[in-house]
DNA sequence: CTTCAAATTGAAATGATTACAATTTGACAA
DNA sequence: TTGTCAAATTGTAATCATTTCAATTTGAAG
Ligand SMILES: [Mn+2]
Ligand SMILES: [Mn+2]
Ligand SMILES: [Zn+2]
Ligand SMILES: [Zn+2]
């Protein structure tokens, strides 16, 4: 509650009820939701919410470094308020996007072949541990 | 010419003029073109070409392992007939997609945290060597 | 309380991709 | 060579995520 208000104020982002709700949702649901999933869920408690506001807020939070976009699924973007560098797996069985914490040396930003690297995205496609029916 | 005909026959893909042209274009232009770029370019010499055919052919070639999709640019897919595993950089200055040949241990498919990995995609965003104006 | 730039809203536009039905074509056999 | 037919091609229309836009509302400052 106060936590999100504080985050917005620290970043100098104007505080609105919609931004607080979206920020809270992302912070309490680490499921890498799409814009539509955020919209559907929050509209239950805030029926006046507009999908445009979801997109606007996502962009604002992204510009201030409070969330990252996950494009492992090419047909829609997903969003992640966990901003420490990590990779993602899209499970073709359950559709979930799962965090992959691997020690890839390129997880941290650096130079590769003379190019300047600003962002690193590691995307895997496969079948998650749970769907494999493992022990 | 004969090269592409041979490739299609070996894979058991029915040979058509459109498939030969698209395959040749991808093999001679390693620029990671979008479906629209392939369409625009080939339509110059084959005015009857349909964009649907470009999409259909891309899917067919992909299913037979003759091309990969590059989704470093979230708003449109790009295509690559170089099928050995490698990563990609999207330059925010010139818009080009450049191959990144790095020794990431996850370039080859393997298991990570109990999940089964079928595809590995490494996407970088930044500014390419040429646009940096470096020596 | 007033003010006003910024945020929100809903509707319309955009743009990549897919679905579909009619037409054409490639491979094969007569 | 010709006939056949499943598969490929084509153009149009539909889909769907995302963006644009103008009107309305709201948060923060004074
Ligand atoms: Mn994540
Ligand atoms: Mn490539
Ligand atoms: Zn799964
Ligand atoms: Zn460049």
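The values are calculated or read from the model by the stated rules, or taken from the named source; none is laboratory data. What you see is a predicted model; the values in this text were computed from it and never measured. Heads up, the Cβs are rebuilt from the backbone with ideal geometry, glycines too, and the neighbour counts pull from every protein chain shown.
For residue B:126, are the conditions met, namely being within 16 Å of ligand 4 (Cβ to nearest atom) and surrounded by fewer than 18 Cβ atoms within 10 Å (Cβ to Cβ)? No; evaluated as a whole, the condition is false for this residue. Under the condition of being free of Cβ contacts under 8 Å to residues at least 40 places away in the same chain and over 9 Å from residue A:78 (Cβ atoms), the residues counted in the range A:24-41 number 7. Checking each residue in the range A:45-73 for being surrounded by 15 or more Cβ atoms within 10 Å (Cβ to Cβ) and more than 15 Å from DNA strand D (Cβ to nearest atom) picks out only A:66.
Could you list, in sequence order, all residues of the range A:99-112 that are surrounded by 14 or more Cβ atoms within 10 Å (Cβ to Cβ) and either at the interface with chain B (Cβ under 7 Å from one of its Cβ atoms) or modelled with pLDDT under 85 (or both)? Quick ask: steps written out before the conclusion?
The first filter runs over the range A:99-112 and keeps only residues surrounded by 14 or more Cβ atoms within 10 Å (Cβ to Cβ), leaving A:99-100, A:102, A:104, A:106-107, A:109, A:112.
Correct list: A:100, A:102, A:104, A:106, A:107, A:109, A:112.
Quick one: residue A:76 ticks every box in (1) within 30 Å of residue A:132 (Cβ to Cβ); (2) more than 12 Å from DNA strand D (Cβ to nearest atom) bar one, so which box is it? It is condition (2) that residue A:76 fails.
Does residue B:69 meet the test of being within 14 Å of chain A (Cβ to nearest Cβ), near DNA strand C (Cβ under 9 Å from one of its atoms) and not in a loop (DSSP other than H, G, I, E, B)? Here the answer is yes, as residue B:69 does meet what is asked. Across the range A:83-98, which residue is modelled with the lowest pLDDT among those that are more than 10 Å from chain B (Cβ to nearest Cβ) and in a loop (DSSP other than H, G, I, E, B)? Within the range A:83-98, the match that is modelled with the lowest pLDDT is A:85.
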